[in-house]
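**Q** Pasting in a structure now, in structure tokens, and then I'll have a few things to ask.
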């Protein structure tokens, strides 16, 4: 038995080659020209919204947890009666700002985008006290902070501004040496 050898003159090879070579490329019809762009837009916009939401939601949780931890640290600092050159309230504010990773800062407080308050209450009557002696032993110190953050991509129907607030309180300790620091 001999082997069959196909040559270029064989009609089967010629037919295959000619079909491949002579078939014109398919041209887009007039109504199909913008379909790829429209389909890409219809797919990419929801995907981008989901992508930004996957970043925004954990970031919002991070901001809230950071703010809570910052005010906790401020109260811990306050109850030990530590102070700085500008007074105890300024020192507490500084501690909270340094623990807030920049979410709470003087510029935002001055612009009204953030708030920061320190309130003292009488430990017995729970009435708010102010002035000299308000940071005395047994009084309650409450540190409250709030910040605003905008969504990366506001896809909701609201203005896209989120407000975060945190508060912490504790009972003031006796000052070292028995002398109250200036507020």
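Where a number appears in this text, it was derived from the coordinates with a stated rule and is not lab data. Source: prediction; values computed, not measured. Quick reminder, even Gly has a Cβ in these numbers, built from the backbone with ideal geometry, and neighbours come from all protein chains shown.
**Q** To check my understanding: the extent here is largest minus smallest coordinate of the Cα atoms along each principal axis. What are those three numbers for the stretch 107-183, in Å, largest first?
**A** Rounded to whole Å, the extents work out to 55, 25, 18 Å.
**Q** Using 1/(1 + (r/R0)^6) with R0 = 22 angstrom and r between the beta carbons of residue 86 and residue 173, what's the FRET efficiency to the nearest 0.05?
**A** The calculated FRET efficiency here is 0.55.
**Q** Follow-up. What is the spin-label model distance, in nm, from residue 163 to residue 94 if the labels are put 7 Å beyond Cα along the C-beta direction?
**A** 3.1
**Q** State the volume of the convex hull built on the alpha-carbon positions of the stretch 40-183, expressed per residue in Å³ and rounded to an integer.
**A** Numbers: hull volume 16.9 nm³, N = 144.
Each residue corresponds to 118 Å³ of Cα convex hull volume.
**Q** Based on the Cβ-Cβ distance from residue 148 to residue 68, what FRET efficiency comes out when R0 is 22 Å, to the nearest 0.05?
**A** Result of the calculation: an efficiency of 0.85.
**Q** Fully extended, how many nm does the chain gain between residue 55 and residue 126 (0.36 nm per residue separation, minus their Cα-Cα distance)?
**A** Net length gain for the segment: 21.4 nm.
**Q** Shifting gears a bit: In what sequence, highest mean first, do 163-171, 118-126, 42-50, 95-103 appear when ranked by Cβ atoms within 10 angstrom?
**A** 95-103, 163-171, 118-126, 42-50
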